[in-house]
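Everything on this sheet refers to the single structure shown next.
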Amino acid sequence: MRSLAGDVIRQAFFNRAEEKLHKRLYLAICDAILSGNLTPSSRMPPTRDLAEELTLSRNTVLRVYEQLQAEGYISSRTGSGTFVTHSVLDNLECRPAIRNQEATVEEYSPLSARGLQLLEHASASPRQWGAFLPGVPDVANFPHRVLKKFTDRQARQLSPELLTYDTTGGSERLKAALTDYLRTARGVQCTPDQILITEGIHQALDLVTRSLCNPGDKAWTEEPGYWGIKNILRMNSVEIVTMPVDEQGLVPDGEESEPPRLIFVTPSHQYPLGSVMSLSRRQLLLAQARKTASWIVEDDYDSEFRFAGQPIPALQGLEANSPVIYVGTFSKTLYPALRLGYMVLPEQLKTPLKRMHSELYRGGHQLTQAALADFIREGYYAAHIRKMRQLYSRRRQILVNLISEKLGSCFLGQYNSNAGLHLIMQLPAEVDDVSLAQRANEQGILVRALSSYYASDKKLSGLLLGFASMEESEIKTSFHQLAALINAAT
């Protein structure tokens, strides 16, 4: 083989080190064409000659040529041979300008302004398992074999409905099972057709925001509050209005000049401080929502885990036909990777939001939902929650005792209720909780800084400590390590 094109391809081929020969040859020819070393109208070497020169099988070369021809790099002319196409000329003409331009992030960014803003406020931990990571349940104690039994049962009698897209808001069996459970355990007033199954709380909050808000509308959030809600609002161009929280929960502003479209609350266990919204405050909030035609979004993320007294009933069930969108999740009661949550929608919203959910997200997981319905119906869900409530209560008490003994009871957060999967350890005002959390994270202790949950400059210093996923011995060992860091900082 004696051709300039063959020499160019040979050099590019031997300069690459891909393991698979066909990929190595494909990339070598692409590079030669896109770099301009093989110009439009250049004749490609015959496949037999190129195979001999590179010590490849002719089938390998034929396979690569077919792929390049399908992608428009080369074209074949009957009786004349194979040539680099003219269609790549436009791309080649603009390449020198691109190579010579030293573009900065400010001059050229692949992300939108909203995307950049989201990354600026991104707060999800890169590690989702470890000592004191808040919000993570004990996944090791979940009865996986029991759920697998129900999944296998469904798999033996598969229907087409379990294997295709869902357009009705989730499994009818799961919605029926949830209706009974929520009515009994949480005091929620609903029928199965008001329930919409989602892939967790984030998807539910995104659907509500997209469906009910126009750009520029206002939404109330708790201060401090969950960062995930704020990021969803930012991505949907909704103005965030932070509302203060006290020992009775969110404090409504009756003098707000422009009423909010949405009001996001965690009334049963305020996130992250832990206060419980009082009955009078709940009634006031419902009256405010009705007066201003606002929707309350009740995030009931971990209400099942209350370790003293009776469970706090949901805000949604306090009044008939309340202006409340109730949102729950299986991520805390079962395990996060299940990626199943649910919404209880008011009558006037159930049909449009289900349709929007189908259009935006294309629901699925029908087989898992059917198995979970059996898991709930046959009593395993309630039994698992009872078991974990006892386990988490014991682990929480161990952590409370350690804080009191090693640091003092003044370090226990003022709003901490005996509930949930985390507690607040309050720090002296002069302690930089962000720096302290960073030093702890570097040692494998995955606490979060309380001040990072505030949007205003007025904030408390503290740490969020998750205890649910830790063995009792690990709680003690890791806390001694954390206490040493705190003593050094104070």
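Pick from Ile385, Ile424, Ile486: which is of a type in the set (Val, Ile, Thr), more than 20 Å from Val276 (Cβ to Cβ) and touching a residue at least 40 places away in the same chain (Cβ under 8 Å)?
Values: Ile385 fails: more than 20 Å from Val276 (Cβ to Cβ); Ile424 fails: more than 20 Å from Val276 (Cβ to Cβ).
One residue alone meets the criteria, Ile486.
Restricting to region 372-421, and then to whatever is within 17 Å of Lys332 (Cβ to Cβ) and aromatic (Phe, Trp, Tyr), can you tell me which residue is most open to solvent (accessible area, probe 1.4 Å)?
The initial filter retains those residues of region 372-421 that are within 17 Å of Lys332 (Cβ to Cβ), namely 372, 375-376, 380-393, 395-396, 417-421.
Still in the list and also aromatic (Phe, Trp, Tyr): 375, 380-381, 392.
Numbers: Phe375: 0, Tyr380: 80, Tyr381: 2, Tyr392: 3 Å².
Selected residue: Tyr380.
Among the residues in region 307-322, are any outside the structural domain of Asn418 (by the TED database), of a type in the set (Phe, Trp, Tyr) and within 20 Å of the chain's Cα centre (by Cα)? Show your work before the answer.
Going through region 307-322, the residues outside the structural domain of Asn418 (by the TED database) turn out to be 307-322.
If we keep only those that are of a type in the set (Phe, Trp, Tyr) too, we end up with 307.
Okay, now just the ones that are also within 20 Å of the chain's Cα centre (by Cα), so none.
No, there is no match, as no residue in region 307-322 is outside the structural domain of Asn418 (by the TED database), of a type in the set (Phe, Trp, Tyr) and within 20 Å of the chain's Cα centre (by Cα).
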Residue satisfying all of: in region 436-463; open to solvent by less than 10 Å² (accessible area, probe 1.4 Å) and over 23 Å from the mean Cα position of the chain (by Cα); nearest to Tyr335 (Cα to Cα) among these: Ala440
Where a residue in region 5-16 is closer than 15 Å to Asp49 by Cα and its partner, wherever it lies, is modelled with pLDDT of 85 or more and among the β-branched types (Val, Ile, Thr), with Cβ under 6 Å and at least six apart: Ile9/Ile29
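Conditions (1) closer than 16 Å to Leu402 by Cβ; (2) modelled with pLDDT under 95; (3) among the aliphatic types (A, V, I, L, M), marked per residue:
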| residue | (1), (2), (3) |
| --- | --- |
| Gln438 | no, yes, no |
| Gly444 | no, yes, no |
| Val447 | yes, yes, yes |
| Ser456 | no, yes, no |
| Lys459 | no, yes, no |
| Ser469 | no, yes, no |
| Glu474 | yes, yes, no |
| Thr477 | yes, yes, no |
Members of region 117-158 found to be closer than 30 Å to Cys190 by Cβ, open to solvent by less than 70 Å² (accessible area, probe 1.4 Å) and part of a loop (DSSP other than H, G, I, E, B), listed by number: Pro134, Gly135, Val136, Pro137, Asp138, Phe142, Pro143
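This table checks each residue for (1) closer than 28 Å to Gly364 by Cα; (2) open to solvent by less than 10 Å² (accessible area, probe 1.4 Å).
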residue	(1), (2)
Leu205	yes, yes
Pro224	no, yes
Trp227	yes, no
Leu233	yes, yes
Glu239	no, no
Gly249	no, yes
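Residues of region 464-482 being under 22 Å from the mean Cα position of the chain (by Cα) and open to solvent by less than 10 Å² (accessible area, probe 1.4 Å), which ones? Outline the logic, then answer.
Residues of region 464-482 that are under 22 Å from the mean Cα position of the chain (by Cα), as a first pass: 464-469.
Within region 464-482, Leu464, Leu465, Gly466, Phe467, Ala468 qualify.
The values are calculated or read from the model by the stated rules, or taken from the named source; none is laboratory data. A quick note: this is a predicted structure, and the numbers were derived from the prediction, not measured. Every residue, glycine as well, gets a Cβ built from its backbone with ideal geometry; the counts of neighbours run over all protein chains shown. What goes into the accessible areas is simple: the full protein's heavy atoms, side chains included, and nothing from ligands, DNA or RNA. Shrake-Rupley method; radii C 1.70, N 1.55, O 1.52, S 1.80 Å.
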